[in-house]
Amino acid sequence: MEFSFSSKYPFTSEAKQKVEGSSLELNDEIMERAVQRVVAALQGKVWKPVYLHPSDDLIDLGSYAAARMMLAHLRNRFLTNKFAVAEAKRAYKLMCEDSEENLGKLGRELGITPQEFEGKLALPVYQYASFSPRSVDYRLIFRNVKGGFVEVTRHEVIRLMEEAVKGRMESYKPLQNPPQIIRDYSKKLMVLVPKEAVLKMSFREGDNPPCIEKLLEGAKEHQNLNHQARLVLAIYLLARNVPVEKVQAIFSNLPDYEEKKTKYQLDHMIRRGYSMASCATLLSYGLCVADCRIGTPLRWKGKVEPWKKGNGSSS
Ligand code: SF4
């Protein structure tokens, strides 16, 4: 059976209206599916429901809504980010094969509206900058920018839409007074969640400069660190002779972690001998959080008391 627009893209307002306008109620079938959906996300699998009957479409939508409710109830950043990455990947796959009409409809909902500019496909700069992926290839300085527009391909528009979907799902409003069925299945879900890689670090407090502590904290909280943040953190840890397996374990906390890819990137970094960026560069990346006056985070000895940024005490 063919997926409907709303079951392909259950995060859209059309999907929400469909659920709200139906007589659908949370029941065991929907909740079981919701649990399977989150577990599939944790395993890095793309959710592929089997549709045997037209009503399955609505049940699947219900499973998405129920999964989101459980995540909002649990307030677990790791689970939420994993789910966001998996659902965004699913949407990406579906978008690649979808009609121009559906892509346009979804783009309008997400705030990504490509148009023709001088005979090429282009996006307004503000839309491009809001959703472009972390890859170097998407940096504006490497792009053809003219008259407030950035030239893009169809595939790039879809990648930006994937990022927009992920961003939308990473945020949630905590659920006040969830129904009992949500509480019960949330408990079941937590039993099935594999004990995530525990962030084991041999650092003591003060071992690392504030910028690096902040990045480590971000990894620990399963935040989606951006490209520069990941690069800075990896180079710093490797330069401090942290074993590559431990660096990999730290990165395994990130929601879009892929073991092979991370290993390849770390090996590549070691082979190429990437050098640590200066504090000035970190400042330009928005990663500097104090005024340590040491030139580069690698000169941190743990003895300097940094002047916290924003406390007005720099002198
Ligand atoms: S001054 Fe340098 S070491 Fe200190 S927080 Fe900023 S970037 Fe890090």
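The values are calculated or read from the model by the stated rules, or taken from the named source; none is laboratory data. If you're wondering where the values come from, they're calculated on a predicted model, not measured in any experiment. All Cβ positions, even for glycine, are placed from backbone atoms using ideal geometry, and neighbour counts span all protein chains on display.
General remarks:
- You will find that of LEU106, LEU140, LEU121, the residue that is within 18 Å of GLY167 (Cβ to Cβ) and of a type outside the set (Val, Ile, Thr) is LEU106 and no other.
- Checking each residue in the stretch 26-74 for being aromatic (Phe, Trp, Tyr) and part of a helix (DSSP H, G or I) picks out only TYR64.
- Residue-level check: of (1) in contact (Cβ under 8 Å) with a residue 40 or more places away in the chain; (2) closer than 22 Å to PHE11 by Cα; (3) surrounded by fewer than 16 Cβ atoms within 10 Å (Cβ to Cβ), ARG168 misses just (3).
- Conditions (1) in contact with a Ser or Thr (Cβ under 9 Å, 6 or more places away or on another chain); (2) buried (at least 22 other Cβ atoms within 10 Å of the Cβ); (3) more than 19 Å from LEU189 (Cβ to Cβ): number failed by MET70: (3)
- Here GLY302 does not fit the description of being within 10 Å of the ligand (Cβ to nearest atom) and either at pLDDT 90 or above or assigned to a loop (DSSP other than H, G, I, E, B) (or both).
- Single condition SER130 does not satisfy, out of (1) closer than 17 Å to THR12 by Cβ; (2) of a type outside the set (A, V, I, L, M); (3) within 21 Å of the chain's Cα centre (by Cα): (1)
- Residue match in the stretch 236-253 (condition: more than 16 Å from the ligand (Cβ to nearest atom), under 19 Å from VAL136 (Cβ atoms), touching a residue at least 12 places away in the same chain (Cβ under 8 Å) and surrounded by 18 or more Cβ atoms within 10 Å (Cβ to Cβ)): yes
- Residues located in the stretch 133-147, provided they are under 22 Å from the mean Cα position of the chain (by Cα) and either assigned to a helix (DSSP H, G or I) or of a type in the set (S, T, N, Q) (or both): SER135, VAL136, ASP137, TYR138, LEU140
- Pairs linking a residue in the stretch 67-91 that is under 21 Å from ARG183 (Cβ atoms) to a residue that is part of a helix (DSSP H, G or I) and among the basic types (Lys, Arg), with Cβ atoms under 6 Å and 6 or more positions apart or on different chains, are ALA67/ARG37.
- Residues that are farther than 29 Å from ALA40 by Cβ and not hydrophobic (A, V, I, L, M, F, W, C), drawn from the stretch 109-129: THR113, PRO114, GLN115, GLU116, GLU118, GLY119, LYS120, PRO124, TYR126, GLN127, TYR128
- VAL150 more than 25 Å from GLU258 (Cβ to Cβ) and part of a strand (DSSP E or B): yes
- Residues that are within 8 Å of the ligand (Cβ to nearest atom), modelled with pLDDT of 90 or more and under 15 Å from ASN208 (Cβ atoms) within the stretch 273-293 comprise CYS279, LEU282, LEU287, CYS288, VAL289, listed in sequence order.
- All positions within the stretch 226-278 that are in contact with a Pro (Cβ under 7 Å, 6 or more places away or on another chain) and assigned to a helix (DSSP H, G or I): TYR236
For every residue, the table says whether it meets (1) in contact with an Asp or Glu (Cβ under 8 Å, 6 or more places away or on another chain); (2) surrounded by 22 or more Cβ atoms within 10 Å (Cβ to Cβ); (3) of a type in the set (A, V, I, L, M, F, W, C); (4) closer than 23 Å to TYR257 by Cα.
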residue	(1), (2), (3), (4)
GLN17	no, no, no, no
ASP28	no, no, no, no
GLN36	no, no, no, yes
HIS53	no, no, no, no
GLY62	no, yes, no, no
ARG75	no, no, no, yes
ALA84	yes, yes, yes, yes
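- Checking LEU123 against (1) farther than 21 Å from SER13 by Cα; (2) in a helix (DSSP H, G or I); (3) under 23 Å from the mean Cα position of the chain (by Cα); (4) not polar (S, T, N, Q), the condition it does not meet: (2)
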